[in-house]
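Participant: I am attaching a structure below and will ask some questions about it afterwards.
The values are calculated or read from the model by the stated rules, or taken from the named source; none is laboratory data. Quick caveat, the model's predicted, so the values are computed rather than measured. Using ideal geometry, Cβ is built from the backbone for each residue, glycine included, and neighbour counts are taken over all protein chains shown.
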Amino acid sequence: MATYLIDYENVYIEGLTGLEYLTKRDEVVIFYTQNRCGLTFELHQRLISCDAKLRLMEVTALSTRKNTVKNALDLQLSMYIGYLIGSRPKERLYIISKDTDFDLNQQFYDRYLQEDVHALSIYSTIENAMKGIPTRDAVQALEETAAAAPADTTSTEEENVPAAPKKAKSSAAMLFPKELQSEVRELLDTDDKQAVNRICAIITASEDLLTLNNLLSRYYHDGKQVKDMYHKLKPSYKALRKLANGTK
């Protein structure tokens, strides 16, 4: 028996990976805001098919100050953890988030409250929590890939670049096949190199359409923009994946 507290603002749909493996003895509490409350038909089906008890907690944030929503979610999730520790002292609790601020909760718990060293843990997905796999910041790795690719500069800029750095920039740009970049550029109707390479990175990291949608939502927080880009890429998804893997 375990309770999984989902920081939906942070992990989005990806954090619910493994939901189908839970039992009737488990509980999933999803903390969400109006910024990130998208619900696909596939996710809806997964939620209603899940054996675990589900609870949705909409985060309330009345102020318009910067970071208020994020801070409100962190505080309200942390308060709920305190409630659970007091009311269910023997139950395993998992925070599903990649937000490193929750490490402070873990440190405080380990120092002052713990009776069972495994009672409170932080993971990036439900599946990782069940398997005991440490949180990996895959998003950071993807950002590094996407950031490296736009380093390709125009010929005018390259005239003043020393030979060695120029070679490094060229190799970084080749992280994505030219055919893939060309196809993405055409589909999105843009010449923005950074945007094109960001989408190339997302396609390369997306093994299915659900992951594609998740990663688009993670990088582009405008729901309308995400929907527009997803529908432009979806019809060509299989072809784009082949190009990303170096096949045609």
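Participant: Of all residues in the stretch 23-50, which are closer than 24 Å to Met79 by Cβ and in contact (Cβ under 8 Å) with a residue 60 or more places away in the chain?
Facilitator: Val28, Asn35, Arg36
Participant: Within the stretch 13-35, take every residue that is surrounded by fewer than 19 Cβ atoms within 10 Å (Cβ to Cβ) and part of a helix (DSSP H, G or I) and give me the one that is modelled with the lowest pLDDT.
Facilitator: Here the answer is Asn35.
Participant: Considering the stretch 199-211 alone, what residues qualify as being crowded, with 17+ Cβ neighbours inside 10 Å and either over 18 Å from the mean Cα position of the chain (by Cα) or of a type in the set (A, V, I, L, M, F, W, C) (or both)?
Facilitator: Correct list: Ile199, Cys200, Ala201, Ile202, Ile203, Ala205.
Participant: Please work out which one of (1) at pLDDT 85 or above; (2) more than 22 Å from the chain's Cα centre (by Cα); (3) not small (Gly, Ala, Ser) is the condition Val196 fails and give its number.
Facilitator: (2) is the only condition that Val196 fails.
Participant: Something else now. If you scan the stretch 231-248, which residues turn out to be at pLDDT 90 or above and over 10 Å from Leu180 (Cβ atoms)?
Facilitator: Hits for the stretch 231-248 are His231, Lys232, Leu233, Lys234, Pro235, Ser236, Tyr237, Lys238.
Participant: Could you list all residues from the stretch 219-239 that are surrounded by fewer than 16 Cβ atoms within 10 Å (Cβ to Cβ), in contact with a helix residue (DSSP H, G or I) (Cβ under 8 Å, 6 or more places away or on another chain) and free of Cβ contacts under 8 Å to residues at least 40 places away in the same chain?
Facilitator: Scanning the stretch 219-239 gives Lys234, Tyr237.
Participant: Against the definition (modelled with pLDDT of 85 or more, surrounded by 20 or more Cβ atoms within 10 Å (Cβ to Cβ) and not β-branched (Val, Ile, Thr)), how does Leu216 come out, yes or no?
Facilitator: Judged against the criteria, Leu216 is not a match.
Participant: Return the only residue of Leu56, Leu39, Leu75, Leu104 being among the aliphatic types (A, V, I, L, M), outside any strand (DSSP E or B) and modelled with pLDDT of 80 or more.
Facilitator: Result of the check over Leu56, Leu39, Leu75, Leu104: Leu75.
Participant: In the list Ala201, Ala149, which residue meets the criterion of being outside any loop (DSSP other than H, G, I, E, B), modelled with pLDDT under 75 and aliphatic (A, V, I, L, M)?
Facilitator: Checking each option against the conditions leaves just Ala149.
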